[in-house]
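The values are calculated or read from the model by the stated rules, or taken from the named source; none is laboratory data. Note that this is a predicted model, so its numbers are computed, not measured. So basically every Cβ, Gly included, is an ideal-geometry build from the backbone, and we count neighbours across all protein chains shown. Remember, those area values only see protein heavy atoms, side chains included, never the ligands or the DNA or RNA. Shrake-Rupley method; radii C 1.70, N 1.55, O 1.52, S 1.80 Å.
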Amino acid sequence: MDNEDIIQKLRGLNVLVLHPRDGDAEELMQQLNRIGCRTQAVWPPPRVATEKVDIAFVEVREKPSQVIGDFLGLTSERPTLIGLAGYESPSVLQNLIDLQVDGVLPKPVRPYGVLSSIVIARRVWQEGRANQKLIAKLKSKVENSQKLNEAKMVLMRLHGIDEDRAYRAIRQQAMALRKTVTEVAQSIIESNALLHNVVMDSQSDGDDSRSADSG
């Protein structure tokens, strides 16, 4: 989703307004309907998961709302989160931070500002998701590299071969089994651990037997 898609795809988004049904909620819903969003206002927040939510507007006060936090924890995929705040006290700002909102819409709600807050929040949300995917990819790459190195060390120790030959052996096995190098490396690590446990258990049984005989 690029910047142009953010604006073009606003129509039809599922928007949930978690706010008491007062004048601010009514004004917000009117603007969301004008934008073309599929809007639903719910208060108090439901205690069970609802249908997919793309954007959630949540009321933020001086005290943290446990029910809002609980509801957001039920969502399978974190929606774009926009906080509705009536003032800028330190506690309100801290609650906005704790909720990890993507944007803030001040109250009282006015016609101007709703669309802007959605666009900016969606952009922040989009960048956050991209960063999370990149971090997960890099983490997986590091973990796979560690597994490969550990598997090579196992083969080098057990068979007295060098690192290059150990890697070739893993790669050839992966090709033969039509598996990834990481999958083969994991199998080698698990097999080595199993063998180690078997040997240790055998030694422990032998020690116990000798102790019994000496007694």
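Largest GNM mean-square fluctuation among ASN192, ASN144, ASN14, using the chain with Cα springs under 10 Å: ASN192.
Over all orientations, the range 65-172 has a Cα convex hull whose mean projected area works out to 11.3 square nanometres. Ordered from largest to smallest accessible area (heavy atoms of protein chains, 1.4 Å probe), the residues LYS63, LYS152, LYS133 come out as LYS63, LYS133, LYS152. 3J(HN,Hα) along the range 170-182, derived from phi through the Karplus expression 6.51 cos²θ - 1.76 cosθ + 1.60 where θ = phi - 60°, amounts to 5, 5, 5, 5, 5, 5, 5, 8, 6, 10, 7, 4, 5 Hz, with x in place of Gly and Pro.
Convex hull volume of the C-alpha atoms in the chain, normalised per residue: 242 Å³. Accessible area of MET175 (1.4 Å probe, protein heavy atoms only, ligands and nucleic acids ignored): about 140 Å². HIS159 contributes an accessible area of around 120 Å² to the protein surface, as traced by a 1.4 Å probe with all chains present.
Between HIS196 and VAL48, the C-beta separation translates, for a Förster distance of 45 Å, into a calculated FRET efficiency of about 0.45. Charge dipole (Cα centre; +1 on Lys/Arg Cβ, -1 on Asp/Glu Cβ; no other charges) of the range 68-170 amounts to roughly 340 debye.
3J(HN,Hα) couplings calculated from phi for the range 27-36 with the Karplus curve 6.51 cos²θ - 1.76 cosθ + 1.60 (θ = phi - 60°) are, in sequence order, 5, 5, 5, 4, 5, 5, 5, 5, 5, x Hz; Gly and Pro show x. Spacing of the modelled spin labels on LEU177 and ARG157, each 7 Å from Cα toward Cβ, amounts to 1.9 nm.
Rounded to 0.05, the FRET efficiency of the ALA136 and ASN33 pair, given R0 = 35 Å and the Cβ-Cβ distance, is 0.45. Computed from the C-beta positions of SER145 and ASP22, the FRET efficiency with R₀ = 45 Å rounds to 0.25.
Shape class of the range 125-168 from the Cα gyration tensor (axes a ≥ b ≥ c, square roots of the eigenvalues): prolate, since a/c reaches 1.5 or more and a/b is larger than b/c. Ordered from largest to smallest accessible area (heavy atoms of protein chains, 1.4 Å probe), the residues ILE170, ILE161 come out as ILE161, ILE170. The H on the amide N of GLU59, modeled in the peptide plane, is under 5 Å from the matching H of LEU18, LEU84, each at least 5 residues off or on a different chain. For the chain, the number of Lys pairs with C-alpha atoms closer than 25 Å, counting only pairs eight or more positions apart or on separate chains, is 17.
Measuring nothing but how far apart in sequence close Cα pairs (under 8 Å, 6+ apart) lie, relative to its length, the chain scores a relative contact order of 14 percent. Each residue was assigned an accessible area with a 1.4 Å probe, and for ASP24 the value is about 30 Å².
In the context of the full set of protein chains, residues of the chain present 65 Å² of accessible surface per residue (probe radius 1.4 Å, heavy atoms only).
Within the chain, what whole-number % of the accessible surface is contributed by carbon and sulfur, with the 1.4 Å probe and all protein chains included in the calculation? Exposed carbon and sulfur together represent 53 percent of the surface.
Placing unit charges on the Cβ atoms only, positive for Lys and Arg and negative for Asp and Glu, gives the chain a dipole magnitude near 860 debye about its Cα centre. 3J(HN,Hα) couplings calculated from phi for the range 113-120 with the Karplus curve 6.51 cos²θ - 1.76 cosθ + 1.60 (θ = phi - 60°) are, in sequence order, x, 5, 4, 4, 5, 5, 4, 5 Hz; Gly and Pro show x.
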